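Working notes, structure below.
The values are calculated or read from the model by the stated rules, or taken from the named source; none is laboratory data. Model, not experiment: these values are computed from the prediction. Using ideal geometry, Cβ is built from the backbone for each residue, glycine included, and neighbour counts are taken over all protein chains shown. Just the protein is used for accessible areas: all its heavy atoms, side chains included, with ligands, DNA and RNA removed. Shrake-Rupley method; radii C 1.70, N 1.55, O 1.52, S 1.80 Å.
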Amino acid sequence: MSTAAEDLAEVPDALFSEGTRSDSNPKRPTESAFAFADRVRQPYFERERRWYEDAFGHYPAGADRSDLRARFRSSDDFQHGAAAWELYVHELWRLLGWTLQPHPETPDGKRRDFLAERDDDRFILECAVDNGSQRQAGEERRWAELWEAFKLLTIPNHRVMVHRRSIGANALSAGALLAEAQRTLDTLPPGRRAIVLRVETDDGWQFHLEASPGGPLAGVVSCTFGGAMSMERRLYNPIRNRVKEKSKRSSRLEVPFVLALQIVNPMPIVEKDGAVRQALMGTMTQVLGLDLTTSGLRQNNDGPWVQGGRPRGRGLSAVLLHQGRLLGQSLPVLHHHPEPARPLLIEGLPFEQIRYDLADPGFEVHEEATADWNKVFGLPLEWPGPDDCFEGINTDAPILAPRFWSPTATDDRI
């Protein structure tokens, strides 16, 4: 079977390549997100490619469009994910009847992502993908390259356990580490236990490979994980860090300012009751009385919107928060600052909206969404289905034959 790199060619002013797609396999551990999306054949992903091409066609022409295309096609998953989110946000607001001007000049001296305008309403819209998830994705990709190499070890008499403690900021030479571990294994007598490779670097790598007598598990390479991030950091920091970062100098803006934040962390913070409120308004600690029974709750000063009972970060009017697949199954949720410098007073938005009370950080008012995600985007409810992502792989079920695709092609089956 030929590879996508052999059969696909880049198309000027299009996001995806055109050519005969013949590889229907799932994403490989070391494959970039864009490389996978560009080569995979299945109709499920073909529909996604079509959507992104259509959305890209609605993005204003010029240098900003060229920059977005370059970032979307990047082999860096951080850049690709951020560009995909920016394109999603632009298309979402366009469908709601807004005109978005990319990277306008603002009084704070920053070029924010969009100036959104509709009739007499105007606001600044900034797109972001959470820092923690981006960093974690990069770490896991660097580790995947090493893991694929370690699985190539020749170990007839031993079992090798990889003890992973932390992942560094820079990639390591997988080939050199594999060769070093193999040399030690080749001289290790059967029945002996030993550390065959130890790595500790200044930029954060810390792991070692331990060989033990194999028995029935001879030849097996497995892994243990350590240094896990605390539950609180994993749950709240993806929101806190970005809200704090994007709020800097936002008090100088003259119109409402909305942060559109995409959470790719698999922990379900958006659906977890009260989690987003605590990320924005501060966590709560139980207060014990003299008899060691709970006498109440105390708000901690760890929320970016409240400090000592007083509002902070008031330049940010609201956070439009979304988690999971960019298009699939849900719209973002709009969280309003309790006392913003410039409130977002816009009627007719379809999102679920949540409002907070500065005097009672544990209180929140919900306004239900007025439209479903598929209605807003004009897509079938089962989109990008109805077939599964990899329907027909490793089964006798029929799948579509390799086909030619270009951004302007039409096919009712897709």
Could you grab me the full set of residues in region 94-113 that are out of contact with any Leu (no Cβ under 6 Å at 6 or more places or on another chain), at negative phi and either without any contact (Cβ under 8 Å) to a residue 24 or more places away in the chain or assigned to a helix (DSSP H, G or I) (or both)? Arg94, Leu95, Trp98, Thr99, Glu105, Arg111
Being modelled with pLDDT of 90 or more and either closer than 21 Å to Phe78 by Cβ or in contact with a strand residue (DSSP E or B) (Cβ under 8 Å, 6 or more places away or on another chain) (or both) is the filter here, so list the residues in region 11-22 that pass it. Val11, Leu15, Phe16, Ser17, Glu18
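Each row is one residue, and each column tells you yes or no for (1) within 19 Å of Cys389 (Cα to Cα); (2) under 17 Å from the mean Cα position of the chain (by Cα); (3) of a type in the set (Lys, Arg).
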position	(1), (2), (3)
Glu10	no, no, no
Arg28	yes, no, yes
Ser32	yes, yes, no
Phe56	no, no, no
Arg73	no, yes, yes
Which numbered condition trips up Arg165, out of (1) modelled with pLDDT of 90 or more; (2) within 28 Å of the chain's Cα centre (by Cα); (3) part of a strand (DSSP E or B)? (1)
Taking interchain pairs and intrachain pairs at least six residues apart, which have beta carbon atoms under 6 angstrom, with the first residue in region 153-172 and over 12 Å from Ala211 (Cα atoms) and the second among the polar types (S, T, N, Q) and in a loop (DSSP other than H, G, I, E, B)? Gly168/Thr201
Residue in region 94-101 that is surrounded by 18 or more Cβ atoms within 10 Å (Cβ to Cβ) and farther than 30 Å from Glu391 by Cα present: yes
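Let's see how each residue does on (1) open to solvent by less than 50 Å² (accessible area, probe 1.4 Å); (2) of a type in the set (Gly, Ala, Ser); (3) under 30 Å from Pro107 (Cα atoms):
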residue	(1), (2), (3)
Pro156	no, no, no
Val199	yes, no, no
Trp205	yes, no, no
Pro238	yes, no, yes
Lys246	yes, no, yes
Long-range neighbours under 8 Å by Cβ, at least six apart or interchain, first residue small (Gly, Ala, Ser) within region 290-319, second at pLDDT below 80 and open to solvent by 40 Å² or more (accessible area, probe 1.4 Å): Ser295/Val287; Ser295/Leu288; Gly296/Gln286; Gly296/Val287; Gly308/Asn301; Gly309/Gln299
Of the numbered conditions (1) surrounded by 20 or more Cβ atoms within 10 Å (Cβ to Cβ); (2) at pLDDT below 90; (3) not β-branched (Val, Ile, Thr), Ala4 fails exactly one; give the number of that condition. (1)
Selection from region 40-58 of residues open to solvent by less than 10 Å² (accessible area, probe 1.4 Å) and either touching a residue at least 40 places away in the same chain (Cβ under 8 Å) or in a helix (DSSP H, G or I) (or both) yields Gln42, Glu46, Arg49, Ala55, Phe56
Do the conditions hold for Phe72, that is, is it more than 30 Å from Gly215 (Cα to Cα) and either modelled with pLDDT of 95 or more or open to solvent by less than 20 Å² (accessible area, probe 1.4 Å) (or both)? yes
Within region 76-85, can one find any residue that is touching a Cys at 6+ places or on another chain (Cβ under 8 Å), open to solvent by less than 10 Å² (accessible area, probe 1.4 Å) and of a type in the set (Phe, Trp, Tyr)? yes
I'd like to know if region 355-366 contains one or more residues that are at pLDDT 95 or above, out of contact with any helix residue (DSSP H, G or I) (no Cβ under 8 Å at 6 or more places or on another chain), open to solvent by less than 30 Å² (accessible area, probe 1.4 Å) and not in a strand (DSSP E or B). no
